[in-house]
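S.K.: Below you'll find the structure I mean.
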Amino acid sequence: MADLAAAVRPRRRPSLPAGLRAWCLVLPLAAFVGVTFVAPLGAMLTRSVHMPVVADALPETLRLLGEWDGSALPGETVFRALGQELLAARDARTLGQVATRVNRVEGGLRSVLTRTARRLRTAAPSLEAASGGATSAWRDAMVDMDDAWSEVATWNAIRRAGERFTGRHYLHALDLDEAPSGGIVAQPEDLRIYLPLLGRTLMVSLAVTALCLVLGYPVAYLIAHAPPGRAPLLLLLVLVPFWTSLLVRTTSWIVLLQNEGVVNDLLVAVGLLDDDGRLAMIYNMTGTMVAMTHVLLPFMVLPLYSVMRTVPPEYMRAAASLGATFPAAFRRVYWPRTLPGVAAGCLLVFILAIGYYITPALVGGRTGQLISNMIAYHMQQSLNWGLAAALGGILLVCVLALYLLFDRLVGVERMRLG
């Protein structure tokens, strides 16, 4: 019977080690994060410094320019190599990309390259035949086609654009540039746009975070200390914006804040404003601040509420019984115990605000735009993806630096969501 029972009893499969089981459970999440976050982030940072288009299209020209001293015009060999490679790029339909990259180094060269390639298409056979006897056939022909080929700056621009790895985009993102004589110089004052825009973005994000804290703290306190039958209703009112489209919430402020909108009409109706003195509250920084605060306020209220509901009300009553006034009891007893929620809410709102795009684009106008709008412009309109990636990289560094500063001053381990 014992042998029969042993034969019938199912065999226990060998179990995996605990560490391997844990890795198997984490692997799908790690793969998801890698595909949706790490890989795009790595591609963005790579694109900000890697520019192989010109180097792939003009390899022989760039090799010869590498031996050029840069003081006088290059020789006939360089002109001939460039002309032949421009024709090859035109046939391969990559000339537009090459011309665009060179034009970003020296303005106006896109038309020079495309026009020269078009004219060389008919002139190339005769130039090849004449180059055996004439020592400067390609050079003379290209200079006749466009005076830009007689300038040393044009060839320096092609050589600079042909670098496979370059930090030029990061220099431009910091309002800097490479001097023709070497070294790094600041852009002219009227061309410095990115650093002021980055500073404006940081200041607006900090201001929106402060406004959300000032407005959200009393709301969270009210919900946390409301009677049990009323608290769910108040919390529902906070959650309603999450069920409404962000686009709808943002555009509704256009109706409310425009010159003929509800707010201005109300102020005129009660006599606080004249009809000719209506306030400009939209398509400027005011509209951006108001709309962003409204959209991000729930992200401050919810962490605060989740922490406040864990603070026993007996603490405040005990402080009052010992003679403390409400402001003193709040400052010394209640406020310190809600700091984890304050830290979590501030960090969450600030990180969301610093990368906001839709709201400033709709209600910000010219003076209410943030750095995210400039990144979107270079991605969608100018197609300068390298500069957009460099701006995104700098924004990422700023967020990480502020996060480390926050960790040093407050301590991330103190954050709690309940």
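The values are calculated or read from the model by the stated rules, or taken from the named source; none is laboratory data. Given the structure is predicted, the values throughout are model-derived calculations rather than measurements. We place every Cβ from the backbone using ideal geometry, glycine too, and count neighbours over all the protein chains shown. Note: areas computed on protein heavy atoms with side chains; ligands, DNA, RNA excluded. Shrake-Rupley method; radii C 1.70, N 1.55, O 1.52, S 1.80 Å.
S.K.: Filter segment 76-108 for residues that are open to solvent by 40 Å² or more (accessible area, probe 1.4 Å) and over 39 Å from the mean Cα position of the chain (by Cα) and give the result.
M.R.: T77, R80, Q84, listed by residue number.
S.K.: Please find, among D56, D69, the residue that is surrounded by fewer than 17 Cβ atoms within 10 Å (Cβ to Cβ) and not in a helix (DSSP H, G or I).
M.R.: D69
S.K.: Take the conditions under 27 Å from S71 (Cα atoms) and open to solvent by 40 Å² or more (accessible area, probe 1.4 Å) and apply them to P125. Does it pass?
M.R.: Considered against the rule, which asks whether it is under 27 Å from S71 (Cα atoms) and open to solvent by 40 Å² or more (accessible area, probe 1.4 Å), P125 comes out as no.
S.K.: Kindly indicate whether any position in segment 72-82 is in contact with a helix residue (DSSP H, G or I) (Cβ under 7 Å, 6 or more places away or on another chain), modelled with pLDDT of 90 or more and within 28 Å of S382 (Cα to Cα).
M.R.: Among the residues of segment 72-82, at least one is in contact with a helix residue (DSSP H, G or I) (Cβ under 7 Å, 6 or more places away or on another chain), modelled with pLDDT of 90 or more and within 28 Å of S382 (Cα to Cα), which makes the answer yes.
S.K.: Using the structure shown, decide if L273 is modelled with pLDDT under 85, farther than 23 Å from V219 by Cα and either in contact with a helix residue (DSSP H, G or I) (Cβ under 7 Å, 6 or more places away or on another chain) or open to solvent by less than 60 Å² (accessible area, probe 1.4 Å) (or both).
M.R.: yes
S.K.: Suppose the filter is on the phi > 0 side of the Ramachandran plot and out of contact with any Lys or Arg (no Cβ under 8 Å at 6 or more places or on another chain); does G108 pass it?
M.R.: Judged against the criteria, G108 is a match.
S.K.: I've got another one for you. Could you say which residue among A269, A319 is closer than 21 Å to A226 by Cα and over 40 Å from the mean Cα position of the chain (by Cα)?
M.R.: Going through A269, A319 in turn, just one is closer than 21 Å to A226 by Cα and over 40 Å from the mean Cα position of the chain (by Cα): A319.
S.K.: Please go through segment 215-250 and give me each residue that is crowded, with 16+ Cβ neighbours inside 10 Å and in contact (Cβ under 8 Å) with a residue 60 or more places away in the chain, ordered by number.
M.R.: Result: G216, Y217, V219, A220, Y221, I223, A224, L235, V238, T250.
Table: residues versus (1) closer than 30 Å to P313 by Cα; (2) exposed (fewer than 14 other Cβ atoms within 10 Å of the Cβ); (3) not hydroxyl-bearing (S, T, Y).
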site: P327; (1), (2), (3): yes, yes, yes
site: R332; (1), (2), (3): yes, yes, yes
site: T338; (1), (2), (3): yes, no, no
site: V342; (1), (2), (3): yes, no, yes
site: A390; (1), (2), (3): no, no, yes
site: L396; (1), (2), (3): no, no, yes
site: L402; (1), (2), (3): no, no, yes
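S.K.: Among the residues of segment 181-209, what is the count of those that are open to solvent by 50 Å² or more (accessible area, probe 1.4 Å) and within 15 Å of L402 (Cβ to Cβ)?
M.R.: Counting residues in segment 181-209 that are open to solvent by 50 Å² or more (accessible area, probe 1.4 Å) and within 15 Å of L402 (Cβ to Cβ) gives 2.
S.K.: Kindly provide the set of residues from segment 42-73 that are without any contact (Cβ under 8 Å) to a residue 60 or more places away in the chain, under 28 Å from the mean Cα position of the chain (by Cα) and over 26 Å from R93 (Cβ atoms), ordered by number.
M.R.: The one that is without any contact (Cβ under 8 Å) to a residue 60 or more places away in the chain, under 28 Å from the mean Cα position of the chain (by Cα) and over 26 Å from R93 (Cβ atoms): G42.
S.K.: Applying the selection to segment 282-311, what residues are open to solvent by 30 Å² or more (accessible area, probe 1.4 Å) and either in contact with a helix residue (DSSP H, G or I) (Cβ under 8 Å, 6 or more places away or on another chain) or part of a helix (DSSP H, G or I) (or both)?
M.R.: If the condition is that a residue be open to solvent by 30 Å² or more (accessible area, probe 1.4 Å) and either in contact with a helix residue (DSSP H, G or I) (Cβ under 8 Å, 6 or more places away or on another chain) or part of a helix (DSSP H, G or I) (or both), then Y283, M285, T286, M289, V290, H294, L297, F299, L302, Y305, R309 are the ones that fit.
S.K.: Quick check on segment 31-42: of everything there that is loosely packed, with under 11 Cβ neighbours inside 10 Å and aliphatic (A, V, I, L, M), which residue is nearest to Y170 (Cα to Cα)?
M.R.: Out of the qualifying residues, it is V35.
S.K.: With respect to R115, is the statement that it is open to solvent by 30 Å² or more (accessible area, probe 1.4 Å), charged (D, E, K, R) and touching a Leu at 6+ places or on another chain (Cβ under 6 Å) true?
M.R.: Spelling it out, it is not the case that R115 is open to solvent by 30 Å² or more (accessible area, probe 1.4 Å), charged (D, E, K, R) and touching a Leu at 6+ places or on another chain (Cβ under 6 Å).
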